[in-house]
């Protein structure tokens, strides 16, 4: 818990000024070979808002054994935890060529994933969608 408080002070020293709606759902461990347990063969990993100079999207394909293949020209690495339903990765911003870390969670009932990318003073949205 203390690490979350430190993170909030580091990135949001003045606190929060916006309200937002939150969603949640039960996560069920996958029984298939796919680490996602989502019905995706082709998907988009979209990055928008926050401190990004422009929104961008990486096209990905779920290959054999659930391995993700990046079909976009900028670098992307992402890994999923079947145990927790979370994902983490790094993406190169095409506008700045800077490598940025991101993370999120999958929502099986929505067949999607949502997360964030922390900048120096703002957070950007990450959406994994079919």
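Some points to look at:
- Projected onto its three principal axes, the C-alpha set of region 34-129 covers 34, 24, 18 Å, listed from the longest axis down.
- Exposure proxy ranking, count of Cβ atoms within 10 Å, fewest first, for 124, 72, 53: 53, 72, 124
- Projected label distance in nm at residue 71 and residue 17, using a 7 Å step from Cα toward the beta-carbon: 4.0
- Exposure proxy order (Cβ contacts within 10 Å, fewest to most) of 60, 23: 23, 60
- In terms of other Cβ atoms within 10 Å, 125, 90 run from fewest to most in the order 90, 125.
Here, each number is a calculation from the coordinates, and none is a lab measurement. All of these numbers come straight from a predicted model, not from anything done at the bench. Note that we place each Cβ from the backbone using ideal geometry, even for glycine, and neighbour counts take in every protein chain shown.
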